[in-house]
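Since the structure comes first, as structure tokens, the remarks are kept for the end.
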Amino acid sequence: MTGFGKGETQFQHKKITIELRTLNSKNIDLNFRTPHCYRELEPLLRNQINRKLIRGKIDVSVFVDNSGTESATILNKQVIQAYLQQLKEIHSGDTTELLKMAVRLPDALKTEKEALNDAEKETVLELFSTTLDKVNQHRKDEGKALMVDFNKRLANLSQLLEDVIEIDPERKIKVTEKLHNALEQLAINVDQNRLEQELIYYLEKYDITEEKVRLANHIDYFKEIMAQDQANGKKLGFIAQEMGREINTIGSKANHAGLQKIVVQMKDELEKIKEQLLNVL
């Protein structure tokens, strides 16, 4: 399920920004983009994610804007002076120009790692926690919207199933008439007892009572699981597969143009449900 959360805070001369983006996935897949000074916090951040988020592809981005006068990068004076001395031995040019060349040479600048104190750690962890809460709220809001759409599709399926139940008796009559007409055109004597047995067998073969009952049960079960307050995306996917099997069986047994049209509409509604299920945890 997609989700987004953004949090910002100020710590001394630093502006810290955390962004979290999530997509649905079968497993938990974490991708961190954090400054070097915060790398030691990644195990703690992973623990928070495992406690608060259920599976998904999760991108974590942490940005630090240093608005103070302090700088972690300083000139390596000894190295630069050594470069200048060597450059002067090669060419007696302007000192300023030689200095410009020296500072661009390797190791002319050095970075001193700024120690991460406890106060800053606590600030980052608290900001990360509140950002995770925003992601969860975003997911819940999307889930509510999906639930409305699912209920709409399920209502359409239920109505189409009622249409199937209504048209089924007419279908049976037409199938029976079709058999009788075919036999009359043969112009031969037929054993009526054997005819009745074969007719019963043929009608039972194309009977869809079991499929209608199962499809209705699957629709009710989908609603029941959807109403539960826990992640059931995989289970809903399995139920949708079973619904598809029943609809396909009804279509294969239809032998009736009107019923086939209803089956096509059923498949369309179910396909829309399956598409949205890709966004459900």
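The values are calculated or read from the model by the stated rules, or taken from the named source; none is laboratory data. Computed from a predicted structure; not experimentally measured. Cβ atoms come from the backbone with ideal geometry, glycine included; neighbour counts cover every protein chain shown.
For region 238-265, the set of residues classified as hydroxyl-bearing (Ser, Thr, Tyr) and touching a residue at least 24 places away in the same chain (Cβ under 8 Å) consists of Thr249 only. Of all residues in region 136-147, those that are farther than 21 Å from Glu19 by Cβ have Cβ atoms under 8 Å from Cβ atoms of residues that are surrounded by 12 or more Cβ atoms within 10 Å (Cβ to Cβ) and at pLDDT 90 or above, 6 or more apart or on another chain, in Leu146/Gln276; Met147/Met226. Tell me whether region 31-41 contains one or more residues that are more than 19 Å from the chain's Cα centre (by Cα) and of a type in the set (Lys, Arg). Among the residues of region 31-41, at least one is more than 19 Å from the chain's Cα centre (by Cα) and of a type in the set (Lys, Arg), which makes the answer yes.
If you go through region 222-230 one residue at a time, do you hit one that is among the aromatic types (Phe, Trp, Tyr) and modelled with pLDDT under 90? Full working, then the answer.
Filtering region 222-230 down to residues among the aromatic types (Phe, Trp, Tyr) leaves 222.
Narrowing further to those that are modelled with pLDDT under 90: none.
Scanning region 222-230, I find no residue that is among the aromatic types (Phe, Trp, Tyr) and modelled with pLDDT under 90, so the answer is no.
Of the residues Ala102, Ala82, Ala108, the single one that is among the small types (Gly, Ala, Ser), more than 30 Å from Val135 (Cα to Cα) and in contact (Cβ under 8 Å) with a residue 24 or more places away in the chain is Ala108. In region 145-171, which residue that is charged (D, E, K, R) and modelled with pLDDT under 90 is farthest from Val263 (Cα to Cα)? Here the residue is Glu170.
For region 35-50, the condition holds for no residue, the condition being that it is over 18 Å from Leu125 (Cα atoms) and in contact with a Lys or Arg (Cβ under 8 Å, 6 or more places away or on another chain).
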